[in-house]
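Asker: Before we start, here is the structure in question, set down as structure tokens.
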Amino acid sequence: MTDFRIRIAVIDYGMGNLHSVAKGLEHVAPRAEVVITSNPEEIAEADRVVFPGVGAMRDCMAEIRRGGFDVVVQKAITQKPVLAICVGMQALMSHSEENDGVECLDVFPGSVRHFGKSLSEPDGTRLKVPHMGWNQVHQTIDHPMWRGIDQDERFYFVHSYYVDADSSVTAANCHYGVTFSAALAAGNLFAVQFHPEKSHTAGLQLLKNFVNWRGE
Amino acid sequence: MTLAKRIIPCLDVENGRVVKGVKFLDIRDAGDPVEVARRYDAAGADEITFLDITASHEGRDTMVHTVERMASEVFIPLTVGGGVRTLEDIRTLLNAGADKVSINSTAVYDPDFVRAAADRFGSQCIVVAIDAKQVSGDGETPRWEVFTHGGRKVTGLDAVAWAVRMADYGAGEILLTSMDQDGTKSGFDLTLTRAITDSIDIPVIASGGVGNLQHLADGVLKGGADAVLAASIFHFGEYSIREAKEYMASQGIEMRL
């Protein structure tokens, strides 16, 4: 086990519930020290960093920039495994359509787009937005984060905006009216649109993989 | 790849205890919401809803602790409803580990509260619960109105128009309960469910009246619901979550099995 004295920092920039993801990590790595923190030093000293996020993009980006977490996250990526979740993943893109357009961290090239009103499948099936519930995640690359997780396993999603990223950084796709990136990977960074902390056994396996992953 | 329809068991919780009983044969403490939630989680429930029916303020703190305990042990989405009146109430529940908060009467008294809540916390965590009762007579075009306080208080609001308005105000999901069907075990009000699902672009959870597995399937196939909520058929062990999912899948419904 690599989780013996591992320290995991869950970045708290004032947006939403971090309790669940911290509890999920504690559940899969009982000997790890999981801290919910906004202290840059604590984040810098951690062995793993989780970059979560819920809520509206403009508020998220404002809080990220105000607290200097843009710099903190970019630095962490060069040093250790970082897991971005939901809006945390979206914040890593160049730009989001949400709130009439928001410039994001530009770690990954690509945009965050709205599913749109009147979303439907080609056969005419109407699709509700938010995309809420359990959908299949199709892995497009081999990655230590996918260890023990079946191809096309279902994870829990809840979002109205999706990531439109290049296939070169996409680690998994999902389909809901459009095919979008459900996971991104580059170096030490792994990002997921779904909520592993709410995705039962498969989600916990992904969190466990993160604890055991040593990065690039 | 298709989004699965969801099965959501619902627990009524008072002062931190499950009320109306949950009669599993092999559960340590059938009154402990966390124990029951764990059981449903293991059985494959897609989400869990806690409805807090506690009247007292002190009892509400108990609910927050219950949610905290649940979030430490159960890793599927949790919706908490009942007595949510302020943005602070929502913040407290979300911080305790709830994923969604269900707003009922407060939305009726102060519709802008829903807008404020969605702006502050995001639509994804704001569920508006609508208790609807048919007010049209036989032979008339069906019409339903919104009721509060377990169906005792009339609001005069048209249920379909209300759902449209709540979606417009930023609700992320509608929990629709037919007060006519609730407790009857004769199935959802499918006409009502269809009228609402066809009128809005956000997901709808059908509730009220489930007595067998065909009722659950009909909620999706005929009512157009995105999720189905039931209490007694699961609590009293008449059907397991797995049986329900397998049955719905056999009817051609996409499920997480």
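Asker: Take the residues of region A:178-216 that are surrounded by fewer than 21 Cβ atoms within 10 Å (Cβ to Cβ), in a loop (DSSP other than H, G, I, E, B) and at pLDDT 95 or above: which is nearest to the chain's Cα centre (by Cα)?
Answerer: Restricting to residues being surrounded by fewer than 21 Cβ atoms within 10 Å (Cβ to Cβ), in a loop (DSSP other than H, G, I, E, B) and at pLDDT 95 or above, the top hit is A:ASN188.
Asker: Quick one: is B:ALA42 touching a Gly at 6+ places or on another chain (Cβ under 8 Å) and either of a type outside the set (Ser, Thr, Tyr) or more than 26 Å from A:SER199 (Cα to Cα) (or both)? Break it down stepwise before answering.
Answerer: Numbers: touching a Gly at 6+ places or on another chain (Cβ under 8 Å): no; either of a type outside the set (Ser, Thr, Tyr) or more than 26 Å from A:SER199 (Cα to Cα) (or both): yes.
No: the conditions fail for B:ALA42.
Asker: If the requirement is being touching a Leu at 6+ places or on another chain (Cβ under 7 Å), away from every other protein chain (no Cβ under 14 Å) and in contact (Cβ under 8 Å) with a residue 24 or more places away in the chain, which of these qualifies: A:ILE36, A:ILE43, A:ILE8?
Answerer: Values: A:ILE36 fails: away from every other protein chain (no Cβ under 14 Å); A:ILE43 fails: touching a Leu at 6+ places or on another chain (Cβ under 7 Å).
None of the other options fit; the residue is A:ILE8.
Asker: Cβ contacts < 7 Å: first residue on the phi < 0 side of the Ramachandran plot and buried (at least 21 other Cβ atoms within 10 Å of the Cβ), restricted to region B:142-166; second residue charged (D, E, K, R) and at pLDDT 95 or above, any location; separation 6+ or different chain. Result?
Answerer: Within 7 Å, the pairs are B:TRP144/B:LYS133; B:VAL146/B:ASP131; B:PHE147/B:ASP131; B:PHE147/B:LYS133; B:ALA159/B:GLU145.
Asker: Mind checking which residues of region B:143-165 are at pLDDT 95 or above and either within 14 Å of chain A (Cβ to nearest Cβ) or assigned to a loop (DSSP other than H, G, I, E, B) (or both)?
Answerer: Correct list: B:ARG143, B:ALA163, B:VAL164.
Asker: Same structure again: Kindly indicate the residue of region A:124-177 that is surrounded by fewer than 16 Cβ atoms within 10 Å (Cβ to Cβ) and among the small types (Gly, Ala, Ser) and also farthest from A:ASN99 (Cα to Cα) among those meeting that condition.
Answerer: A:GLY148
Asker: Can I ask one more? Given the conditions (1) more than 9 Å from chain A (Cβ to nearest Cβ); (2) touching a Cys at 6+ places or on another chain (Cβ under 7 Å); (3) in a helix (DSSP H, G or I), report the number of the one that B:ALA117 does not fulfil.
Answerer: (2)
Asker: Based on this model, can you work out whether A:GLU103 counts as at the interface with another protein chain (Cβ under 10 Å from one of its Cβ atoms), of a type in the set (Asp, Glu) and touching a residue at least 24 places away in the same chain (Cβ under 8 Å)?
Answerer: Spelling it out, it is not the case that A:GLU103 is at the interface with another protein chain (Cβ under 10 Å from one of its Cβ atoms), of a type in the set (Asp, Glu) and touching a residue at least 24 places away in the same chain (Cβ under 8 Å).
Asker: Sticking with this one: Between a residue in region A:117-132 that is at the interface with chain B (Cβ under 9 Å from one of its Cβ atoms) and of a type in the set (D, E, K, R) and any residue that is in a loop (DSSP other than H, G, I, E, B) and loosely packed, with under 11 Cβ neighbours inside 10 Å, which pairs come within a Cβ distance under 9 Å, given they are 6 or more apart or on different chains?
Answerer: Going by the 9 Å Cβ cut-off, the qualifying pairs are A:ARG126/A:SER118.
Asker: Please pick out the residue among A:ASP70, A:ASP142, A:ASP106 that is more than 17 Å from the chain's Cα centre (by Cα) and acidic (Asp, Glu).
Answerer: Criteria check complete, one pass: A:ASP142.
Asker: Filtering region A:159-176 down to residues that are modelled with pLDDT of 95 or more and at the interface with chain B (Cβ under 10 Å from one of its Cβ atoms), which residue is nearest to A:MET132 (Cα to Cα)?
Answerer: A:TYR176
Asker: Might you check whether a residue that is farther than 21 Å from B:ILE205 by Cβ and within 14 Å of chain A (Cβ to nearest Cβ) occurs anywhere in region B:120-136?
Answerer: yes
The values are calculated or read from the model by the stated rules, or taken from the named source; none is laboratory data. Please read these numbers as outputs of a predicted model, since none were measured by experiment. Because the Cβ atoms are built from the backbone with ideal geometry, glycine has one as well, and the counts that use them run over all protein chains shown.
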